[in-house]
Amino acid sequence: MADTLGVAIIGCGGMGRTHARLLAPQEDVHLRALVDVRLEAARALQEEVKAEYTTEDLERVLSDAGVDAVLICTHHHLHRPMCVAAAQAKKNIFVEKPLALTVEDCQAIRDAVNGAGVKLMVGFQARYSPFLLKLKEVIGAPLVIISQLIDPRWDDASWANDPIEGGGNVLSQGCHCFDATCFLAGSEPVSIYAQGGNFTHPNIPQITDSVACVIRFANGAVASVTIGDFGKPALMGKAAYQLFAGDRTGTLWNYYEREPQIKFWGVQPEAFTMDDLPETLRHAHGAHGYTQQMRAMVDWFAYDVDPVNAAKVDDGVRATQLGVLAIEAIRTGQAQPL
């Protein structure tokens, strides 16, 4: 690699802007290009982060020898064609979650990445959150996990509720919860059972917006996972994770709120809060792992430092597979093997 990692960001909406802002100050990163069909969005971001050029043309970026890696931050239905094209162009890939909306598309991405010998990281930044890492470190191998990712009702007009572009809450956002639960379990899931359906979007009958699942893992642990947009949790906050290991337990709540915290039982100290973070991480991007995820990506792509906590391509396949099989379990009334 040259002195800097040449990066192109594809999609200059919310997550594209977030990643660009985190990468721009890093001395070993060069923001080579910003890509968006809305060229005005790319140009506005360029003014802020001083990227070298903007374009609407993905092919220009994929044929640019100055681009070492692409960050794909588009609507979900574009992930497969863009990841496959990037792999074929020998670019390393960071792709926002979910990897794709179908298992078939995820597998096609995996085949392209493995065939081209490039690296791929999925944007499950919770794996770098000091809160999830502390929970995992202290509790170790849990016997039972209770996880939730619950929102107030999403607007019908949201692109994430579009059956083609976003897939609805369970597939679009629920993949975060499925991945974090597997990460905390430290084991592969072997089956999933679910009930739920379309509870809050009768005008979009093609999507599943609510699930209550039971996942069994290869090591014998079980997890209860609830995902949807059926109301704001008044006590635990949007995202919460409870781990039970018999003689010790840990509860992380308010994870997406201003003051996430963990309460432990059976271990000392009994609490972990924002005050326990290094001062450099006492902000939302640090607490939720975005800052650390981008650094790990650069270290992997530029220096071949294995990002041991990262979600790689197989993790992305698994998270989507759990969502798809949860929906299939609802349809059939039967537990689904993985």
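The values are calculated or read from the model by the stated rules, or taken from the named source; none is laboratory data. Every value quoted in this text rests on a predicted model; they were computed, and no experiment measured them. Cβ placement follows ideal geometry from the backbone for every residue including glycine, while neighbour counts extend to all protein chains displayed.
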So is Glu52 more than 25 Å from Ile164 (Cα to Cα) and acidic (Asp, Glu) or not? yes
Would a scan of region 173-181 turn up a residue that is in a loop (DSSP other than H, G, I, E, B) and under 16 Å from Ala326 (Cα atoms)? yes
Only one of Leu135, Leu143, Leu101 that is touching a Gly at 6+ places or on another chain (Cβ under 7 Å), surrounded by fewer than 21 Cβ atoms within 10 Å (Cβ to Cβ) and farther than 21 Å from Val35 by Cα: Leu143
So for region 209-231 (the condition being modelled with pLDDT of 95 or more, closer than 30 Å to Pro337 by Cα and touching a His at 6+ places or on another chain (Cβ under 6 Å)), does at least one residue qualify? yes
Check on Asp276, at pLDDT 95 or above and under 23 Å from Asp179 (Cβ atoms): no
Residue among Ala33, Ala87, Ala8, Ala20 that alone is in contact with a helix residue (DSSP H, G or I) (Cβ under 7 Å, 6 or more places away or on another chain), in contact (Cβ under 8 Å) with a residue 60 or more places away in the chain and crowded, with 21+ Cβ neighbours inside 10 Å: Ala8
Take region 282-316 and flag every residue that is touching a strand residue (DSSP E or B) at 6+ places or on another chain (Cβ under 9 Å) and either modelled with pLDDT under 95 or within 22 Å of Gly174 (Cβ to Cβ) (or both). Gln293, Ala310, Ala311, Lys312, Val313, Asp315, Gly316
Determine, yes or no, whether Glu165 is assigned by TED's automatic domain parsing to the domain that holds Arg216 and without any contact (Cβ under 8 Å) to a residue 60 or more places away in the chain. no
In region 241-297, the residues that are touching a residue at least 40 places away in the same chain (Cβ under 8 Å) and assigned to a loop (DSSP other than H, G, I, E, B): Ala245, Gly246, Arg248, Tyr255, Pro260, Val267, Leu277, His288, Gly289
Let me confirm something: among Gly266, Gly246, which residue is surrounded by fewer than 19 Cβ atoms within 10 Å (Cβ to Cβ) and under 20 Å from Phe217 (Cβ atoms)? Gly246
Would you check if Arg331 is surrounded by 20 or more Cβ atoms within 10 Å (Cβ to Cβ), in a helix (DSSP H, G or I) and among the basic types (Lys, Arg)? no
Spot the failing condition for Asp315; the list is (1) within 20 Å of Leu149 (Cα to Cα); (2) part of a loop (DSSP other than H, G, I, E, B), and only one is missed. (2)
